[in-house]
Amino acid sequence: MSKTKYSEKAQDKVGKVMHEFKEGKLKSSSGKKVTSRKQAVAIGISEAREKGLKVPSKRKVNNINTKCLETSRHFVCFR
């Protein structure tokens, strides 16, 4: 038995956003047309979260097992 992670209304919201994406009408915050399915899902989840619907919280980065090395210009992190 698994608990529902997303409410029905949140699922409906993501579904509506995906429908807009498939029709080519979905725009990002910058006004450009969204071309990625992953980005469209992220927009739907974000909009559902703004409305206060039941959506899992954002992932937090686990820094316990991460090791970072400083190179000349960048940090390179490994797990």
Sequence-distant aspartates and glutamates (8 or more away, or on other chains) whose Cα lies within less than 14 Å of LYS38: GLU20
Label-point separation in nm, LYS5 to LYS27, each point 7 Å along Cα→Cβ: 3.1
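No value in this document is a laboratory result; all are computed from the given coordinates. Since the structure is predicted, the reported quantities are computational estimates derived from the model, not experimental observations. Positions of Cβ are generated from backbone atoms using ideal geometry, with glycine treated the same way; all protein chains shown enter the neighbour counts.
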